[in-house]
1. Just give me the residues in the range 111-150 being outside any helix (DSSP H, G or I), loosely packed, with under 15 Cβ neighbours inside 10 Å and of a type outside the set (D, E, K, R), in sequence order.
2. Quick one: in the range 99-150, which of the residues that are under 16 Å from THR11 (Cβ atoms) and of a type in the set (Ser, Thr, Tyr) is nearest to the chain's Cα centre (by Cα)?
3. Please count how many residues of the range 59-95 are under 23 Å from GLY17 (Cβ atoms), in a helix (DSSP H, G or I) and at pLDDT below 80.
4. Evaluate the range 132-145: report whether one residue or more is at pLDDT below 85, under 19 Å from SER25 (Cα atoms) and not β-branched (Val, Ile, Thr).
5. In the range 9-37, which residues are closer than 19 Å to ALA65 by Cβ and touching a helix residue (DSSP H, G or I) at 6+ places or on another chain (Cβ under 8 Å)?
6. Across the range 12-55, what is the total count of residues that are buried (at least 16 other Cβ atoms within 10 Å of the Cβ), in contact (Cβ under 8 Å) with a residue 40 or more places away in the chain and small (Gly, Ala, Ser)?
7. Given the criteria touching a residue at least 40 places away in the same chain (Cβ under 8 Å) and part of a helix (DSSP H, G or I), does ARG101 qualify?
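The values are calculated or read from the model by the stated rules, or taken from the named source; none is laboratory data. Source: prediction; values computed, not measured. Here the Cβ positions follow ideal geometry from the backbone for every residue, glycine too, while neighbour counts run over all protein chains shown.
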Amino acid sequence: LTFSSYKNHNTARALAGITPSGAFSFVSPLYGGSISDRELFVQSGLLEKLEQGDAVMADKGLNIADLLETKGVSLNIPPRKNSGQFDSIELIETRRIALLRVHIERAFGRVKSFKILSSIPNNMAGYASDLFITCAILTNFQPPLIIDIK
């Protein structure tokens, strides 16, 4: 765990895979320290579980295209604003990604709503990853975030 002076408590980071319906399909252990986003991705083991045709959504700064390319996995990141305005294709893509990101944030919000994660006692710090993963799995028993209406 790493102490965050901004948040005034210890923090840790995890990487997760989320299905189109908002269920967690992969949850890494928690990582503390100053691990980079790329190193978090590599150490998480998610890359080994991805299959050709899968898609990964990431922030602009996560440079993993080279890792995904070798497996035939597509990378969805918001387009960079090169000029003053997006063209129509970039605008549509940006909106699509923004809608998907909302669902990802909602999925993580469900996990964060478990009170046990808000204040893990020092004597249970060794179980923080297990607690986080368990809470993520428990959210899979809640109603889907996204309902496919046909």
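1. Correct list: SER113, SER118, SER119, PRO121, PHE141, GLN142, PRO143, PRO144, ILE147, ILE149.
2. Restricting to residues being under 16 Å from THR11 (Cβ atoms) and of a type in the set (Ser, Thr, Tyr), the top hit is SER129.
3. So the answer is 2.
4. yes
5. Answer for the range 9-37, where residues must be closer than 19 Å to ALA65 by Cβ and touching a helix residue (DSSP H, G or I) at 6+ places or on another chain (Cβ under 8 Å): LEU15, GLY17.
6. Residues meeting the conditions: 5.
7. yes
So that you can scan it fast, the table gives a plain yes or no per residue for (1) outside any helix (DSSP H, G or I); (2) in contact with a Ser or Thr (Cβ under 9 Å, 6 or more places away or on another chain); (3) at pLDDT 90 or above; (4) not hydrophobic (A, V, I, L, M, F, W, C):
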| position | (1), (2), (3), (4) |
| --- | --- |
| LYS7 | yes, no, no, yes |
| GLY22 | yes, yes, no, yes |
| PHE26 | yes, yes, yes, no |
| GLY33 | yes, yes, no, yes |
| GLU39 | no, no, yes, yes |
| GLU48 | no, no, yes, yes |
